[in-house]
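Only one structure is covered here, and it is reproduced in the block below.
The values are calculated or read from the model by the stated rules, or taken from the named source; none is laboratory data. Because the structure is predicted, anything quoted here is derived from the model rather than measured. Don't worry about glycine lacking a Cβ; one is built from the backbone with ideal geometry, like all the others, and counts go over all protein chains shown.
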Amino acid sequence: MNGTAPVPADAGIDPARFIKANMRLQAVPSVPEIRLYTAHPASNLWRLTGKRGEGAPPYWAYVWAGGAVLARHFLDRPQSVRGRRVLDLGAGGGIVGIAAAKAGAAAVAAAEIDRNGIAAIGLNASANGVTLEIRGRDLTRSEPPPGIDLVAVGDLFYAAGLAKRVTRFLDNCLAMGAEVLVGDPGRAFLPHARLQPVAQYAVPDFGDGGAAPKPSTVFAYR
Ligand SMILES: C[S@@+](CC[C@H](N)C(=O)[O-])C[C@H]1O[C@@H](n2cnc3c(N)ncnc32)[C@H](O)[C@@H]1O
């Protein structure tokens, strides 16, 4: 004990204030062009999110291999995104959308359903000098919004029900004429039969402890 009483998760905490006060703005190891508010052992993120099982896990607070490879891809091959209207689906802290904007996308929307993640996206976007339009509702439960040229999906195939909804949503995006790119290290519910590898990069993954970089893939979804 450090002499202070445990503070319960508090729905009244302002997420943006908490993130600025308790996380560190630092360069992403595999994508040093981008700085993100990053959790560290003293962040006490549970104060914002609730103890295990109480609230949504703070996935937005970490960099996942799927997002890192898409970000690397956009920055290394800006022609893949330049001048296009991009949707970053399952944006987390916004790494994919930020990379797209930095690489010259005409407009970027970041879709995220966690209110803490939404706050992080806003802070991370402005820390990197880009503007993202934030979509804070679950787009996978309805038709895709119009005006999207490219959908980028970083690490969103980690749960069965979610993967099913995302696949249906992406099918609708293809039908609308959008291109779809998926970044993923090989999660359990990846729809392999629909994916064609486009590029591979070695990046660390928070999912395996963020240890040594391992190959992760950018796929075209067809
Ligand atoms: C594993 S994280 C990946 C974050 C980021 N794309 C990356 O690769 O670093 C998945 C994120 O998707 C969000 N998410 C889950 N279901 C979603 C949905 N239906 N619409 C938008 N975001 C969703 C979660 O809240 C979480 O922040």
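Computed values, structure above
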item	result
Check on PRO41, within 11 Å of the ligand (Cβ to nearest atom), surrounded by fewer than 22 Cβ atoms within 10 Å (Cβ to Cβ) and without any contact (Cβ under 8 Å) to a residue 40 or more places away in the chain	no
Count of residues meeting criterion [aromatic (Phe, Trp, Tyr) and within 30 Å of PRO146 (Cα to Cα)] in segment 163-214	2
Residue among GLY186, GLY129, GLY117 that is assigned by TED's automatic domain parsing to the domain that holds ILE98, at pLDDT 95 or above and in contact with a Gly (Cβ under 9 Å, 6 or more places away or on another chain)	GLY117
Among (1) near the ligand (Cβ under 9 Å from one of its atoms); (2) over 22 Å from ALA199 (Cβ atoms), the one test that ARG115 misses	(1)
Single match in LEU162, LEU170 (criterion: out of contact with any strand residue (DSSP E or B) (no Cβ under 6 Å at 6 or more places or on another chain), in the same structural domain as ARG77 (by TED's automatic domain parsing) and at pLDDT 95 or above)	LEU162
Odd one out for PRO204, checked against (1) surrounded by fewer than 17 Cβ atoms within 10 Å (Cβ to Cβ); (2) modelled with pLDDT under 95	(1)
The listed residue being more than 30 Å from ALA21 (Cβ to Cβ), buried (at least 21 other Cβ atoms within 10 Å of the Cβ) and not β-branched (Val, Ile, Thr), out of ASP171, ASP184, ASP149	ASP184
Residues of segment 88-109 classified as more than 11 Å from the ligand (Cβ to nearest atom) and on the phi > 0 side of the Ramachandran plot, total	1
Single residue of segment 125-146 satisfying the filter (within 14 Å of the ligand (Cβ to nearest atom) and among the small types (Gly, Ala, Ser)) that is surrounded by the fewest Cβ atoms within 10 Å (Cβ to Cβ)	SER142
Strands (runs of 3 or more DSSP E) (entirely within segment 87-199) containing at least 3 residues that are in contact (Cβ under 8 Å) with a residue 60 or more places away in the chain and under 16 Å from VAL69 (Cβ atoms)	150-154, 179-184
Residue tally, condition touching a Gly at 6+ places or on another chain (Cβ under 6 Å), within 8 Å of the ligand (Cβ to nearest atom) and not aromatic (Phe, Trp, Tyr), over segment 53-77	3
